[in-house]
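Let me begin by presenting the structure, written as structure tokens, before commenting on it.
Values in this text are rule-based calculations from the coordinates and carry no lab data. Just so it is clear, the model here is predicted, and its values are computed rather than measured. A quick note on method: Cβ atoms are made from the backbone with ideal geometry, for glycine too, and the neighbour counts reach across all protein chains shown.
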Amino acid sequence: MEIERTKLLELAVSPQTGLSKVKAALGVLVNEPKKDEREGLLDAREAQKYLRLSRSTLWRLRRQGLPVVKLGGRILFRQKDLDRFVEKFIE
């Protein structure tokens with residue numbers, strides 16, 4: 001993605017580029033999804049912060065059934081799964 005961003009920026013600052021191409025390049029950059037907008041997926045550090053837990057506690061909960069998403073060798077947590085899991089412990 002970083003290569004595409006660099007090419008788009010070069011396109012936007014080139015003097016030969018027409019206004020429509022500049023707008024299109026900037027539109028792609030502006031509309032690029034942010035990390036927190038990717039369907040509520042959190043990495044382990046973000047999940048720890050969200051739940052206010054230590055790393056060891058998060059992994060212990062995972063062994064106890066906390067759902068995860070394995071994507072490209074990474075272990076991610078869906079925010080809605082974290083919320084549902086925590087609700088089980090509310091008295």
### Message
List pairs: first residue in the range 63-87 and under 12 Å from A47 (Cα atoms), second residue among the acidic types (D, E) and part of a loop (DSSP other than H, G, I, E, B) anywhere in the structure, Cβ distance under 7 angstrom, at least six positions apart or on different chains.
### Response
L76/D43
### Query
Can you name every residue in the range 69-91 that is part of a helix (DSSP H, G or I) and either surrounded by 11 or more Cβ atoms within 10 Å (Cβ to Cβ) or of a type in the set (S, T, Y) (or both)?
Q79, K80, D81, L82, D83, R84, F85, V86
